[in-house]
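Step one of this worksheet: look at the structure below.
Derivation of every value follows stated rules applied to the coordinates shown; laboratory data play no part. Just so it is clear, the model here is predicted, and its values are computed rather than measured. Cβ: placed from backbone, ideal geometry, glycine included. Neighbour counts: every protein chain shown.
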Amino acid sequence: MFPSLIVRKRALRSKPALGFSLIEVMVVVAILAILFAFAAPTFGEYTTNTRVRAAAEALQSDLVLARNEALKRNQRVTLTYDLTTTPPLSLIQTTNPGAGAPEDVRRRDLTEESFLVSTPANIVVTFDSLGRVTTGAVALEMSKPSKSACETAGGKVRCMNVVLTATGASRMCDPKLTYATNTRGC
């Protein structure tokens with residue numbers, strides 16, 4: 001045999017195999033399955049907390065829009081936030097007495113938020129032409145107790161409150177924290 005042919009055969013034999021073996025792939029899949037099993041409960045809590053926070057932010061956005069519309073139009077504007085109607089809705093209307101039928105500024109379906117339990121279940125807030133609240137200050141607690149109780153009651157859901165002052169300023173706060181120690185607190 002020719003010496004160059006022997007060298008080529010040895011070079012072909014010593015070439016390492018490319019790819020992964022079945023055992024290596026199965027070990028990686030098993031490790032990923034264990035990691036996902038530990039992460040699944042935490043992900044469920046995260047999803048619930050995110051939905052509660054998004055609903056609180058949407059309510060705060062509705063309050064800001066209603067106040068801004070009252071300032072812009074120089075007339076009374078009412079926000080009706082009701083989770084008890086079918087379908088649940090958030091309705092912002094002008095409410096000038098003697099000006100005829102109220103005009104809808106925005107109507108928003110709250111079907112996404114209907115999973116929430118808010119205390120109270122419906123609110124009506126009226127802003128005057130200077131952006132002040134004429135119906136008194138409002139504190140609305142948003143939670144999802146069917147999953148778990150709020151953290152303040154020993155549960156795992158981070159409930160949120162939306163607070164509206166008499167001056168028309170609204171803010172979202174965490175009832176677990178106190179305002180004296182943390183500005184995110186109530």
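Residues whose amide H falls under 5 Å from that of G168, counting only those 5 or more places apart or on a different chain, are V133, with hydrogens built in the peptide plane.
Between T50 and R73, the contour length at 0.36 nm per residue exceeds the alpha carbon distance by 4.9 nm.
In nm, what is the difference between 0.36 nm times the number of residues separating N182 and L22 and their Cα-Cα distance?
On the way: separation 160, 0.36 × 160 = 57.60 nm, distance 5.34 nm.
That works out to 52.3 nm of additional length.
Under 5 Å from the amide H of M160 lie the amide H atoms of M142, each residue being 5 or more positions distant or on a separate chain, with H modelled from the backbone and absent for Pro and chain starts. Shown is the FRET efficiency for A139 and L35, computed with R0 = 35 Å from the Cβ-Cβ distance and rounded to the nearest 0.05: 0.30.
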